[in-house]
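Structure first, then comments.
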Amino acid sequence: MDTKKVIEDALKISVDTKSFVCGKGVLSQTPSLFKEYFPEKDAIVIADKNTWRVAGEAVYNDLTEAGITSSYYIFPEEEFHPDEEFIERVDKKLDESGAIAVAVGSGVINDLCKLASFHHDQRYLCVATAASVDGYSSSGAVVNDNGAKINLETHAPLVIVGDIDVLATAPKEMTAAGYADLAAKIPAGAEWMLADLFGTEPIIPEAWDVLQDVIGELLENPEASAAGDPEAIGKLFLGLTLSGIAMQAAHSSRPASCAEHLYSHYLDMTHYRWNGKFQSHGFQVAVGTLTMCAFFDELFKMDLSKIDVDACVEAWPTLEQEQQRALGIYSDFPVPQLGYTEITKKYNDKETVREQLTKVKNTWPEFKQKLQKQCYSFEKMRDLFEKAGAPLCPEDLGVSRAQWRKMTDYVQLMRWRINLLDLAKRAGFYDEIVGKVFGEGGAWAPRA
């Protein structure tokens, strides 16, 4: 793979990001990049205690020595999230300084700077400190809004700096989380193919190609990523950044996430902690990814060319019935209206369902082959995650399999985006496929 060309091609389709520098020792290029893209502007470095130590202080000193008027703010908290309190804090720092944010950190710091910069109608520069998430380069910022986890469309950083020497020093758990977040694009891609067939979210070729054409190569060496090998870390960070740029090109998170991410959203929205701590986004997504791979394994055992479309359409519930089902499932959820809201957006009438199922029925042998080429088996994905150091089952997050099974019903309703579980609902095999994954002999069979 020609990394330089991959980056050049990605920047051609990027909407917001105009410079992406990735390599060993590139941290020192931050002042020159700042001057080029933010001429005559002041800078404020935003970091936490850890990211200040590994890169923030060096960036601040380099900016100052380059003649750029600079200040800094270090979050004192050990744990913080993209909540209103912290967004307002960064907003205030930008108000006081009139400066351009230089985000030095990973997911949360980047999202906070992304939102605050958007509020001020200005752009920002991002210095990544871990290959842990794909949100660096996405135009969306994930925030907590009245208990719900939502993705707000903002602007991705104008400049991204990924110094491999810095990225390789990140805790192994963060790298493993990044590996899982990148691998999630495999089943998410298969679900995008399904949405494309249904006609709800057509595949955008440039957004698909920029990552899916190279993702296999980027995931091929999980042992090296786990060992902190600089070349492997560089490839991982490249893949995560390409994912964000794909989202920019699509103006949507569709290229990067589907049902596998919703398991993580459920845990976040229920404020789930294990051993007193929130679990990382990537670790939660890892188990969601394995779950969706298991669902696809079971799907591939079915012959959907034999769907009784008329019977499925006859059994298809009304919108009111689906809304009441959602209200029942979400009755004890922190955001009880979420399922109702999303199923109302996602609901299709009987004739649309007939058209969707007819497409599946008539194209199944060929479509199945395309899906199999895209999606990894549960065993293959589990092997990769084991080598990468990512979670391998719900228990690795402190969640029982019974709890994970219950979460699946929420996941099917959590977002308007079509997923594999929606196909199962329409074709009348939801209970069957869930039973196979969570029953005896299934990927998440009950433990004795």
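The values are calculated or read from the model by the stated rules, or taken from the named source; none is laboratory data. Here the structure is a predicted model, which is why all the values come from computation and not from measurement. Every residue, glycine among them, receives a Cβ derived from its backbone with ideal geometry; neighbour counts consider all protein chains shown. For the accessible areas, the whole protein counts, side chains as well, though only heavy atoms, and no ligand, DNA or RNA atoms are used. Shrake-Rupley method; radii C 1.70, N 1.55, O 1.52, S 1.80 Å.
Just a few scattered comments:
- Pairing residues of segment 87-108 that are farther than 19 Å from residue 77 by Cα with residues that are open to solvent by 30 Å² or more (accessible area, probe 1.4 Å) and assigned to a strand (DSSP E or B), at Cβ distances under 8 Å and at least 6 apart in sequence or on separate chains, gives 97/71; 99/71.
- Residues that are more than 15 Å from residue 238 (Cα to Cα) and among the aliphatic types (A, V, I, L, M), drawn from segment 1-48: 13, 15, 27, 33, 43, 44, 45, 46, 47
- Of all residues in segment 400-442, those satisfying the criterion of being outside any helix (DSSP H, G or I) and surrounded by 21 or more Cβ atoms within 10 Å (Cβ to Cβ) are 415, 417, 418, 419, 427.
- Look at segment 269-281: where a residue is under 22 Å from residue 415 (Cα atoms) and polar (S, T, N, Q) and a partner is open to solvent by 50 Å² or more (accessible area, probe 1.4 Å) and not in a loop (DSSP other than H, G, I, E, B), sitting 6+ places away or on another chain with Cβ atoms under 9 Å, you get 280/173; 280/174.
- Strands (runs of 3 or more DSSP E) contained entirely in segment 131-205, each with at least 3 residues that are under 16 Å from residue 222 (Cα atoms) and at pLDDT 95 or above: none
- Checking each residue in segment 64-114 for being surrounded by 23 or more Cβ atoms within 10 Å (Cβ to Cβ) and assigned to a helix (DSSP H, G or I) picks out 90, 107, 109, 110, 111, 112, 113, 114.
- Taking the criterion of being farther than 15 Å from residue 443 by Cβ and under 19 Å from the mean Cα position of the chain (by Cα), the residues of segment 385-399 that qualify are 388, 389, 390, 397.
- Top-ranked residue of segment 249-261 - restricted to ones that are buried (at least 24 other Cβ atoms within 10 Å of the Cβ) and either without any contact (Cβ under 8 Å) to a residue 60 or more places away in the chain or part of a helix (DSSP H, G or I) (or both), ranked as nearest to the chain's Cα centre (by Cα): 261
- Residue 264 being surrounded by fewer than 24 Cβ atoms within 10 Å (Cβ to Cβ), assigned to a helix (DSSP H, G or I) and hydroxyl-bearing (Ser, Thr, Tyr): no
- Residue ID - farthest from residue 410 (Cα to Cα), chosen from residues in segment 341-376 that are acidic (Asp, Glu) and part of a helix (DSSP H, G or I): 366
- Of all residues making up segment 267-320, the number that are among the hydroxyl-bearing types (Ser, Thr, Tyr), open to solvent by 20 Å² or more (accessible area, probe 1.4 Å) and not in a loop (DSSP other than H, G, I, E, B): 1
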